[in-house]
Amino acid sequence: MAIKESEAFVLMTYPLAEADKIAVLFTHHYGKIRAVARGARRPKSRFGACLEPLSEILASLFEKEGRELAVLRRCELLCSPFERAATPEGEVFLHHVAELVDAFQPPAEPHPAVYRLIRATRDTFLQGASLPALAAYFEMWMLKLGGFFASLEACAACGRAFRPEEPVWIARDGTPRCERCGGTLGGHVISAGYRPLLAEMLKRPPSEWVALPTPEEALHLHRLLTRLLRDVLERELRTKLSLGV
Ligand SMILES: [Zn+2]
């Protein structure tokens, strides 16, 4: 038996029996944890807005050895971006971020860099950033922290360094290829014009990067990265941003 306390982002909840919910949390110190929130489906639940997608909470969890589900004993709301999402697209964006964290993070493995990424993305969201740009930034970094895009400098098959003016193919396993090694495999092509934007993404915080691309460029990158994520995860994403320009 153990009591665990940690800051955590709520990823999603599922109904459990009549009055309870299962909350999927990405905690700072313990990674992803599934926990029962007793009474959370009741109208005047003590959990209130704590369990909205991407709410950041201070969670007190009780874990019993051999049990798959922890119990969320208490939580304190630190920040609820969902309550401040002014548009339906804003709400979908928060679900999208939560879905990707859930898809990439295995249970019980802390990943402080992912936690910092979510926090920086949330803060930039609250500043009213362009959603296609912020979505592209988050998607790129989830792939990067998941081990993809180790380098965009050289072909993963033949080792040749890319010239600045040439397009780069991303193979289905996420590795970069030159035209000769990857061009015939299908996959996803990053045209030469987009490579500097991707390189800047890996150097700048989201609050700075979202100001760089034009709306069309941001949307193009978001669509490209969404297709890549679909290949990597081998399924369609549940959340789809219908982002106009
Ligand atoms: Zn090559």
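The values are calculated or read from the model by the stated rules, or taken from the named source; none is laboratory data. Because the structure is predicted, anything quoted here is derived from the model rather than measured. All Cβ positions, glycine included, derive from the backbone under ideal geometry; neighbour counts span all protein chains shown.
Table for the structure above
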item	result
Only listed residue being without any contact (Cβ under 8 Å) to a residue 24 or more places away in the chain and farther than 30 Å from Met12 by Cβ, chosen from Glu165, Glu217, Glu234	Glu217
Count - residues of the range 166-209 that are within 16 Å of the ligand (Cβ to nearest atom), charged (D, E, K, R) and either within 21 Å of Arg122 (Cα to Cα) or part of a loop (DSSP other than H, G, I, E, B) (or both)	3
Lone unmet requirement of (1) at pLDDT 95 or above; (2) within 20 Å of the chain's Cα centre (by Cα) for Ala59	(2)
Answer from Leu126, Leu145, Leu54 - the residue that is of a type in the set (A, V, I, L, M, F, W, C), touching a His at 6+ places or on another chain (Cβ under 9 Å) and assigned by TED's automatic domain parsing to the domain that holds Leu225	Leu145
Test for Arg119: is it of a type outside the set (A, V, I, L, M), within 16 Å of the ligand (Cβ to nearest atom) and not in a loop (DSSP other than H, G, I, E, B)	no
Where a residue in the range 188-205 is without any contact (Cβ under 8 Å) to a residue 24 or more places away in the chain and its partner, wherever it lies, is surrounded by 16 or more Cβ atoms within 10 Å (Cβ to Cβ) and in a helix (DSSP H, G or I), with Cβ under 7 Å and at least six apart	Glu200/Trp209
Some residue of the range 70-91 being β-branched (Val, Ile, Thr) and over 15 Å from Lys21 (Cβ atoms)	yes
Qualifying position, being among the hydrophobic types (A, V, I, L, M, F, W, C), within 24 Å of Ser207 (Cβ to Cβ) and crowded, with 18+ Cβ neighbours inside 10 Å, among Ala120, Ala129	Ala129
Flag if Ala49 is within 26 Å of the chain's Cα centre (by Cα), surrounded by fewer than 21 Cβ atoms within 10 Å (Cβ to Cβ) and closer than 19 Å to Leu77 by Cβ	yes
When residues of the range 1-36 are limited to those that are outside any strand (DSSP E or B) and of a type outside the set (Ser, Thr, Tyr), the one nearest to Phe62 (Cα to Cα)	Met1
From Arg227, Arg235, residue being outside any helix (DSSP H, G or I) and either touching a Lys or Arg at 6+ places or on another chain (Cβ under 7 Å) or at pLDDT below 95 (or both)	Arg235
Residue within the range 81-93 that is closer than 14 Å to Gly31 by Cα and either assigned to a strand (DSSP E or B) or within 14 Å of the chain's Cα centre (by Cα) (or both) present	no
